[in-house]
Amino acid sequence: MRAHKITLAALAVVAGLSLTACQNDGDDAAAQPDPSSAATASASGGGSGAGGSDSGKDTAAGAGADQSDQSGQANQSGQSGKTAKCRTAGLAITANDTYIDGDPDATVAVEMKNTSGRDCVIAGFAGVDLKTNAGTISAERKGAPADPYVLKDGKTIGFAITYPLNETGGSGVRITGLVVTPPNETNPVTLAWPGKPSLPVTDGSGAPVTVGPMGSAGQGG
């Protein structure tokens, strides 16, 4: 009988040890973070609280960086899809005399042809300076600018320069050249002046040289 009791006691001890081992194995498995669930939480915007592990923060930070990179790539792609502004290097710029007898003022039309091989956007006013024997005269803007215009490759847009006629009978202020800077650009081009050779000498009270907005002398030709 005593032997039977010892055997039962031994079996009880073995069973207890086996149960404890199973419980320990389960606790260890629960303590290990699941990489797939951590990545999912980070990607969905979930985060650990103040008691969260450093590994969870690192995973969240990595996921945030990946999302930021993807967002940046999307933005860059969107920007590359937009039509760029017209550059001086991609424009063939010419000037022609358009004065008509009887007009109170003389005019010169400046045309810009898109030769860049791609469409571009142009808007506002070009910079216009007249070179003279008395110094440089900058044209004043006149009129309201139109909406930005998509200048197709091979197409032309123009604007007008208006200046007073020299009817004083004297030599006046001799014009020696025309400097044009496309809108929103800093690189000018210098052209031969095609209009009347001189401006009247005034005390500053005479009509100024003016420049109209893009499109004020025809477009799309």
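Inverting the pair-averaged 1/r between distinct Cα atoms of the stretch 86-173 gives 14.9 Å as its Kirkwood hydrodynamic radius. In this structure, the amide hydrogen of Lys85, modeled 1.01 Å from its nitrogen in the peptide plane, lies closer than 5 angstrom to those of Val121, counting only residues at least 5 positions away or on a different chain. Taking amide H as placed 1.01 Å from N in the peptide plane, Leu191 has its amide H under 5 Å from the amide H of Leu178, Val179, Val180, each at least 5 places away in sequence or on another chain. A cut-off of 5 Å between modelled amide H atoms, ignoring neighbours fewer than 5 places along the same chain, links Val173 with Leu199, Val201.
The heavy atoms of Cys86 present about 0 square angstrom of accessible area, all protein chains included, probe 1.4 Å. The heavy atoms of Tyr99 offer some 50 square angstrom of accessible surface to a 1.4 angstrom probe.
Sequentially through the stretch 136-144, phi angles give Karplus couplings (6.51, -1.76, 1.60; θ = phi - 60°) of 8, 10, 8, 6, 8, 6, 9, x, 9 Hz, Gly and Pro residues having no value and appearing as x. Residue order by solvent-accessible surface for Glu167, Glu111, Glu185, Glu140 is Glu167, Glu140, Glu111, Glu185, largest first, with ligands and nucleic acids left out and a 1.4 Å probe.
With the cut-off at 18 Å, tell me which of the pairs Lys131/Lys196; Lys113/Lys196; Lys82/Lys142; Lys85/Lys131 have Cα atoms farther apart than that. Can you show the working numbers first?
Working: Lys131/Lys196 13 Å; Lys113/Lys196 24 Å; Lys82/Lys142 30 Å; Lys85/Lys131 27 Å.
Beyond 18 Å: Lys113/Lys196; Lys82/Lys142; Lys85/Lys131.
The values are calculated or read from the model by the stated rules, or taken from the named source; none is laboratory data. It should be emphasised that the depicted structure is a prediction, and the values quoted were computed from it without experimental measurement. Remember, those area values only see protein heavy atoms, side chains included, never the ligands or the DNA or RNA. Shrake-Rupley method; radii C 1.70, N 1.55, O 1.52, S 1.80 Å.
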